[in-house]
Amino acid sequence: AVVSTQSTGIQDFDDDFYMQFHMVILGLDSVMARRWMNSTLLNLALRRESIIPFLDGGTEAFKGHCRVVVPLTTACIECNMDLYPPQRNFPLCTIANTPRLPEHCVEYAKIVLWPKEQPFGADVAVDGDNPDHITWLYKTAADRANSFSISGVTYRLTQGVTKRIIPAVASTNATIAAACVTECLKIATSSYRYLDNYLMFNNIDGVYTFAFKSERKENCLACSRASQKLTFAKSDPLQVMLDTIGSETGFNLRKPTLTTVVRGENRTLYMSNIPQMEEALRPNLTRSFGELELENEQEIVVTDPGVKMPVHFILTLT
């Protein structure tokens, strides 16, 4: 076998790159990366009629999962976004006034003191991969922890909180990796029926595994291609829609571009990924749906870097 390596982002490859594979095993480190790959491989199935099965393995300390996705046949990753735990955040009032954990001190240094003191210059964002940034945060968090008699602030903890790193456990990683390769072998050789389609693994107290069939979601953003329905008041500003589609409990579209058709002409309502366009279209966020000449049953097409395919929304305006 020939093993080739690539040192670049998964989004830097075009569809032809992914078309060369018969199967894909994902070992990604974020939900956003999983959504992007899921959308890409589903896009190939829909537009090029190329069904590429893929396996998704993930671990979180002593817990992990392995899943088999056959595009347009089984539940995809987007169908089960609610299985992923929401990102852990701490209340600002606790961080600022009553810190109790070393994580509180790190968060305070990151979200309060960093923008206030600008240690590396104005408009320089925290880079979790920059040792100088992490060192500054560590020392600042340690000083705050000492003033509240909190122990446990370390360089490693600071980096983990800053980058949202979840500790890796070698035994869990090995188990999930073995499960993914086993399922890959089953599919490639047809030697045995493959997992249908989700395996949970828990090694916190003993060893526990459970397999179940995850069902496809009828209105899934990725694999159903169904238009999503949203209801707003006609007097609501466009910002309300951005808040809805950008929330973790909503559609998790964080950098959207919104386009529609008004009186037979294409119109861009908002664009977040190009600074000049974002600035020019920002006033639309405070304008109501009525002021933007949007009608009941209006279709708005949303594109986002996190998903490969556009998402169609139908507005019900009351």
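The values are calculated or read from the model by the stated rules, or taken from the named source; none is laboratory data. Here the structure is a predicted model, which means the values were calculated and not measured. All Cβ positions, glycine included, derive from the backbone under ideal geometry; neighbour counts span all protein chains shown. These area figures cover heavy atoms from the full protein model, side chains too; ligands, DNA and RNA do not enter into them. Shrake-Rupley method; radii C 1.70, N 1.55, O 1.52, S 1.80 Å.
Restricting to the range 188-200, what's the tally of residues that are outside any loop (DSSP other than H, G, I, E, B), loosely packed, with under 13 Cβ neighbours inside 10 Å and among the hydroxyl-bearing types (Ser, Thr, Tyr)?
Number satisfying all stated conditions: 1.
Look through THR135, THR172, THR162, THR158 and report the one residue that is open to solvent by less than 50 Å² (accessible area, probe 1.4 Å), within 28 Å of LEU28 (Cα to Cα) and in contact with a strand residue (DSSP E or B) (Cβ under 7 Å, 6 or more places away or on another chain).
Exactly one of THR135, THR172, THR162, THR158 is open to solvent by less than 50 Å² (accessible area, probe 1.4 Å), within 28 Å of LEU28 (Cα to Cα) and in contact with a strand residue (DSSP E or B) (Cβ under 7 Å, 6 or more places away or on another chain), namely THR172.
For the range 278-289, check the following and say yes or no: at least one residue is in contact with a Gly (Cβ under 9 Å, 6 or more places away or on another chain) and open to solvent by less than 30 Å² (accessible area, probe 1.4 Å).
No - not one qualifying residue is present in the range 278-289.
Assuming ALA145 fulfils every condition listed in (1) exposed (fewer than 15 other Cβ atoms within 10 Å of the Cβ); (2) over 21 Å from SER30 (Cβ atoms); (3) touching a Gly at 6+ places or on another chain (Cβ under 9 Å) apart from one, which condition is it?
Every condition holds for ALA145 apart from (1).
Output the qualifying pairs, or none if there are none: Cβ atoms under 6 angstrom, residues six or more apart or on different chains, first residue in the range 122-151 and more than 14 Å from LYS110 (Cα to Cα), second residue outside any helix (DSSP H, G or I).
From the range 122-151, the pairs are PHE148/PRO99.
Given the structure, is GLU293 open to solvent by 80 Å² or more (accessible area, probe 1.4 Å) and among the acidic types (Asp, Glu)?
No, not satisfied.
Quickly run through the range 11-60 and pick out the residues that are of a type in the set (D, E, K, R) and either surrounded by 15 or more Cβ atoms within 10 Å (Cβ to Cβ) or closer than 27 Å to ASN202 by Cβ (or both).
ASP29, ARG34, ARG35, ASP56, GLU60
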